[in-house]
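Taking it in order: structure first as structure tokens, then the write-up.
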Amino acid sequence: MTDTIKNPWLNMPAESKRRVDSNIEHNLFWITDISGKYGLYIKSASEFASTELDIKLRGIALVKRNFENAGELFLILKKNEDWELFLVLCRDIISTCSVSLVNEKMINAVENRLRRWQVFLMQNNDISISYEKQMGLFAELQFLKNILIPAYGSLASLTAWNGPEADKQDFSLPKIAVEVKSFRSSNGLVVTISSAHQLLSNNKPIYLIAYGLTEDLNGSSIQDVIEELTTDFESESMQALQQFEKSIIDFGYMPGVNYDHMYKFRVDGYTAYLVEDDFPRIVPMNIATEIVAVNYSIDLAHCNRFQTDIHQIVN
């Protein structure tokens with residue numbers, strides 16, 4: 001998040017409220033409670049059919065109640081110093097409200113959005129995604145979109161996607177495992193392996209696929225690719241869409257949020273390698289028990305003898 005982000009609660013005394021936006025039909029307010037804690041207040045035009053709320057947000061208190069023939073939903077931040085991430089959440093909820101004209105649909109949309117945030121906040125402390133992490137996710141999305149889905153279909157491909165678990169390959173298919181890596185084309189064909197288990201499988205062959213990327217304003221960002229895939233899944237299968245959203249949230253990407261820094265990349269090319277016995281790698285059985293973690297790089301320019309055609313493998 002940028003340093004110039006404005007705090008809407010700044011200089012608001014305790015127990016005060018201020019309308020979020022006069023152009024939004026629904027009653028949305030920035031508030032401070034009796035202790036001066038920051039919050040967002042959503043006032044429904046009618047009472048809620050139910051005041052039960054099965055959502056718990058880390059660092060945020062939620063209150064849903066009926067009062068004076070109206071429904072009220074309060075989001076109260078427990079620690080004001082965490083206001084920047086809370087503001088992103090609030091703006092996302094406000095955006096959700098603004099596109100829902102019918103009151104009941106607005107409340108349902110807000111609660112569904114909060115459930116996404118519940119999952120996201122369980123695993124993330126902020127909404128920034130590093131350059132390297134964007135490169136890694138971009139490469140995996142390219143593999144998913146252009147190679148795996150055409151061969152296996154959406155749901156099977158998404159089920160095979162393991163996400164950012166360091167001790168597992170990125171994709172675990174019935175007969176093969178695939179580890180996807182990205183590298184900056186300008187720096188040469190060098191990829192980083194972050195675990196001794198990443199290139200190890202005891203029961204099926206492993207393939208390493210490396211994507212050479214260049215930052216390019218005319219290219220695509222992870223946000224662009226995610227939006228494209230989301231549109232495809234929406235028209236195809238709700239189950240696939242939900243699985244996809246879960247996977248990208250596990251990566252630390254919150255769908256629908258406007259990120260400050262989204263880099264755009266072009267794919268210069270990709271190469272696949274069969275990781276067999278003499279492939280250069282570090283595996284657990286060759287490491288002293290005193291070593292608890294490894295991180296190393298492989299220069300794939302010297303691994304031509306292991307090259308293979310990934311399209312033939314997945315098909």
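The values are calculated or read from the model by the stated rules, or taken from the named source; none is laboratory data. All figures in this text were calculated on a predicted structure; none of them were measured in a lab. When we count neighbours, we look across all protein chains shown, and the Cβ atoms used for this are built from the backbone with ideal geometry, even at glycine. Each accessible area value is taken on the protein alone, full model and side chains, heavy atoms only, with ligands, DNA and RNA left out. Shrake-Rupley method; radii C 1.70, N 1.55, O 1.52, S 1.80 Å.
Identify, from the list Arg58, Arg113, the residue that is under 30 Å from Asn11 (Cα atoms), under 21 Å from the mean Cα position of the chain (by Cα) and surrounded by fewer than 16 Cβ atoms within 10 Å (Cβ to Cβ).
Details: Arg113 fails: surrounded by fewer than 16 Cβ atoms within 10 Å (Cβ to Cβ).
That would be Arg58, the only listed residue that is under 30 Å from Asn11 (Cα atoms), under 21 Å from the mean Cα position of the chain (by Cα) and surrounded by fewer than 16 Cβ atoms within 10 Å (Cβ to Cβ).
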Residue that is nearest to Lys78 (Cα to Cα) [pool: residues in the range 22-55 that are open to solvent by less than 60 Å² (accessible area, probe 1.4 Å), in contact with a helix residue (DSSP H, G or I) (Cβ under 8 Å, 6 or more places away or on another chain) and assigned to a loop (DSSP other than H, G, I, E, B)]: Gly36
Top-ranked residue of the range 89-104 - restricted to ones that are outside any loop (DSSP other than H, G, I, E, B) and among the small types (Gly, Ala, Ser), ranked as nearest to Asn23 (Cα to Cα): Ser98
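Which residue is least open to solvent (accessible area, probe 1.4 Å), if the candidates are limited to the range 61-88 and must be part of a strand (DSSP E or B), among the aliphatic types (A, V, I, L, M) and in contact (Cβ under 8 Å) with a residue 40 or more places away in the chain? Outline the logic, then answer.
Here is the first cut: in the range 61-88, the ones part of a strand (DSSP E or B) are 61-67, 70-77.
Add one more test, that the residue is among the aliphatic types (A, V, I, L, M), and what stays is 61-63, 70, 73, 75-77.
Next cut, in contact (Cβ under 8 Å) with a residue 40 or more places away in the chain only: 62, 76-77.
On the way: Leu62: 38, Ile76: 27, Leu77: 6 Å².
Among them, the one singled out is Leu77.
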Residue pairs meeting the criteria (Cβ under 6 Å; at least 6 apart or on separate chains; first closer than 16 Å to Glu228 by Cβ, in the range 239-259; second modelled with pLDDT of 90 or more and among the aromatic types (Phe, Trp, Tyr)): Ala240/Phe233; Leu241/Phe233; Phe244/Phe233; Ser247/Trp161
From the options Gly252, Gly269, residue that is within 25 Å of Leu148 (Cα to Cα), among the small types (Gly, Ala, Ser) and in a loop (DSSP other than H, G, I, E, B): Gly252
Filtered residues of the range 255-266 (kept if part of a loop (DSSP other than H, G, I, E, B) and not hydroxyl-bearing (Ser, Thr, Tyr)): Pro255, Gly256, Val257, Asn258, Asp260, His261, Met262, Lys264
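Name the residue that is surrounded by the fewest Cβ atoms within 10 Å (Cβ to Cβ), counting only residues in the range 155-184 that are of a type in the set (D, E, K, R) and more than 24 Å from Asp268 (Cα to Cα). Walk me through it before giving the result.
Narrowing the range 155-184 to residues of a type in the set (D, E, K, R): 165, 167-168, 170, 175, 179, 181, 184.
This time we only want the ones that are more than 24 Å from Asp268 (Cα to Cα), so: 165, 167-168, 175.
Values: Glu165: 12, Asp167: 12, Lys168: 16, Lys175: 9.
So the residue we want is Lys175.
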Lys175, sole failed condition from (1) over 29 Å from Glu245 (Cβ atoms); (2) free of Cβ contacts under 8 Å to residues at least 40 places away in the same chain: (1)
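Tell me, which residue of the range 186-220 that is within 18 Å of Asn146 (Cβ to Cβ) and surrounded by 17 or more Cβ atoms within 10 Å (Cβ to Cβ) is farthest from the chain's Cα centre (by Cα)? Break it down stepwise before answering.
Within the range 186-220, the subset within 18 Å of Asn146 (Cβ to Cβ) is 207-214, 216, 219-220.
From the residues that got through so far, the ones that are surrounded by 17 or more Cβ atoms within 10 Å (Cβ to Cβ) too are 207-213, 220.
On the way: Tyr207: 25, Leu208: 23, Ile209: 22, Ala210: 21, Tyr211: 20, Gly212: 22, Leu213: 20, Ser220: 17 Å.
Among residues in the range 186-220 that are within 18 Å of Asn146 (Cβ to Cβ) and surrounded by 17 or more Cβ atoms within 10 Å (Cβ to Cβ), the one farthest from the chain's Cα centre (by Cα) is Tyr207.
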Single unsatisfied condition, Tyr152 versus (1) in contact (Cβ under 8 Å) with a residue 24 or more places away in the chain; (2) more than 21 Å from Val267 (Cα to Cα); (3) open to solvent by 10 Å² or more (accessible area, probe 1.4 Å); (4) within 20 Å of the chain's Cα centre (by Cα): (4)
Failed item, numbered, when Gly136 is tested on (1) in contact with a helix residue (DSSP H, G or I) (Cβ under 8 Å, 6 or more places away or on another chain); (2) open to solvent by 10 Å² or more (accessible area, probe 1.4 Å); (3) touching a residue at least 12 places away in the same chain (Cβ under 8 Å): (1)
Count of the range 89-110 residues which are under 22 Å from Asn7 (Cα atoms) and open to solvent by 10 Å² or more (accessible area, probe 1.4 Å): 6
Residues of the range 292-301 satisfying the condition of being over 15 Å from Gln198 (Cβ atoms) and exposed (fewer than 11 other Cβ atoms within 10 Å of the Cβ): Val292, Ala301
